[in-house]
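The values are calculated or read from the model by the stated rules, or taken from the named source; none is laboratory data. Remember, it's a predicted structure, so these values are computed and weren't measured experimentally. Counting neighbours? That spans all protein chains shown, and the Cβs are built from the backbone with ideal geometry, glycine included.
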Amino acid sequence: MEIKDGKIEVANPYKDPDGNAISFENARVTQSFNENIALEYDKKTNIITVTGANRGRIEIMTEYDIPLHKGDKKVGELYITIYADKEKIR
């Protein structure tokens, strides 16, 4: 991914069994070499914005209620790993 204006925008690829986007509203960074990193999630556009990132690997995680039989749910974890640079990688 390319860092533009200090931001990385990522389209959330995860959907639930009904085809709805899984929210990354409560996501957190689980791995990064950047200390001042922040996340924002736009429910309407389904875009995750990472600010304060430099080059390198950034891992984002959110918890998700996985539907089971008879209406039960199990908490799972979903990850997005981003490899970023300040210029386009050729």
Please work out which one of (1) small (Gly, Ala, Ser); (2) on the phi > 0 side of the Ramachandran plot; (3) at pLDDT below 85 is the condition Gly52 fails and give its number.
(3)
Could you list, in sequence order, the residues of the range 20-45 that are among the acidic types (Asp, Glu), within 10 Å of the chain's Cα centre (by Cα) and in a strand (DSSP E or B)?
Glu40
Scan of the range 51-61 for residues that are in a strand (DSSP E or B) and surrounded by 13 or more Cβ atoms within 10 Å (Cβ to Cβ), ordered by number
Thr51, Gly56, Ile58, Glu59, Ile60, Met61
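Identify, please: which residue in the range 59-76 is of a type outside the set (Gly, Ala, Ser), touching a strand residue (DSSP E or B) at 6+ places or on another chain (Cβ under 8 Å) and at pLDDT below 90 and is, among those, nearest to Ile22 (Cα to Cα)? Spell out the reasoning first.
Quick first cut of the range 59-76, residues of a type outside the set (Gly, Ala, Ser) only: 59-70, 72-75.
Retained after the next criterion (residues that are touching a strand residue (DSSP E or B) at 6+ places or on another chain (Cβ under 8 Å)): 59-68, 73-75.
Next, only the ones that are at pLDDT below 90 stay: 64-68, 73-75.
Numbers: Tyr64: 7, Asp65: 9, Ile66: 10, Pro67: 12, Leu68: 16, Lys73: 15, Lys74: 15, Val75: 13 Å.
Step by step, filter the range 59-76, then rank; the result is Tyr64.
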Return the residues of the range 62-90 that are among the hydrophobic types (A, V, I, L, M, F, W, C) and surrounded by fewer than 16 Cβ atoms within 10 Å (Cβ to Cβ); say none if nothing qualifies.
Ile66, Leu68, Val75, Ile89
Pull up the range 13-45, narrow it to residues that are closer than 16 Å to Gly76 by Cα and of a type in the set (Phe, Trp, Tyr), then point me to the one that is surrounded by the fewest Cβ atoms within 10 Å (Cβ to Cβ).
Tyr14
Any idea which of (1) surrounded by 16 or more Cβ atoms within 10 Å (Cβ to Cβ); (2) touching a residue at least 24 places away in the same chain (Cβ under 8 Å); (3) in a strand (DSSP E or B); (4) touching a Ser or Thr at 6+ places or on another chain (Cβ under 9 Å) is the one Ile48 doesn't satisfy?
(4)
Checking Asp85, Asp65 in turn, the sole residue that is at negative phi, of a type in the set (D, E, K, R) and free of Cβ contacts under 8 Å to residues at least 12 places away in the same chain turns out to be Asp65
